[in-house]
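Here the structure is laid out as structure tokens; the discussion comes afterwards.
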Amino acid sequence: MAWKKSHAIISFACAETLGDTSDAPQRAAIIECLIAGMILTRYIYRLDPAASPPAPAFEAAFASSLQHAITGPLQAMTLDRSENHER
């Protein structure tokens, strides 16, 4: 499946960027969500306002979100998958 390959690529890039830190899995998950959401919203569904700005303007705004996910302070987040996430 294509999503598994994408996940592997993003996971590898995050591991190379983040190194072996205690919050690396949390940061990698946030980065993966940001990238997947951007691809879906801007390029697949072409939803405004994400689809409208010229690439340089969008890239600058998106880069600040990625930078925060990589180096900024994070709220506590558990990765316990045994919790029931249904609403």
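Based on the Cβ-Cβ distance of residue 6 and residue 75, what FRET efficiency does E = 1/(1 + (r/R0)^6) give at R0 = 25 Å, to the nearest 0.05? It would help to have the intermediate numbers written out before the result.
Details: r = 26 Å, r/R0 = 1.02.
Here the calculated transfer efficiency is 0.45.
Taking every alpha carbon pair in the stretch 18-69, what does the distance histogram look like in 10 angstrom bins from 0, in percent?
23, 48, 22, 7
With θ taken as phi - 60° and the coefficients 6.51, -1.76 and 1.60, list the Karplus ³J(HN,Hα) couplings across the stretch 36-49 in order, rounded to whole Hz; mark glycine and proline as x.
4, x, 5, 4, 5, 5, 7, 9, 8, 7, 6, 8, 7, x
Going by C-beta contacts inside 10 Å, put 58, 12 in order with the fewest on the left.
12, 58
For the stretch 18-28, in order, what is each residue's ³J(HN,Hα) by Karplus, 6.51 cos²θ - 1.76 cosθ + 1.60 with θ = phi - 60°, in whole Hz (x at glycine and Pro)?
Values, residue by residue: 8, x, 9, 9, 5, 9, 4, x, 5, 5, 4 Hz.
Here, each number is a calculation from the coordinates, and none is a lab measurement. Note that the structure is predicted; figures quoted are calculated from it, not measured. Here Cβ is always computed from backbone atoms with ideal geometry, including for glycine, and neighbour counts include all displayed protein chains.
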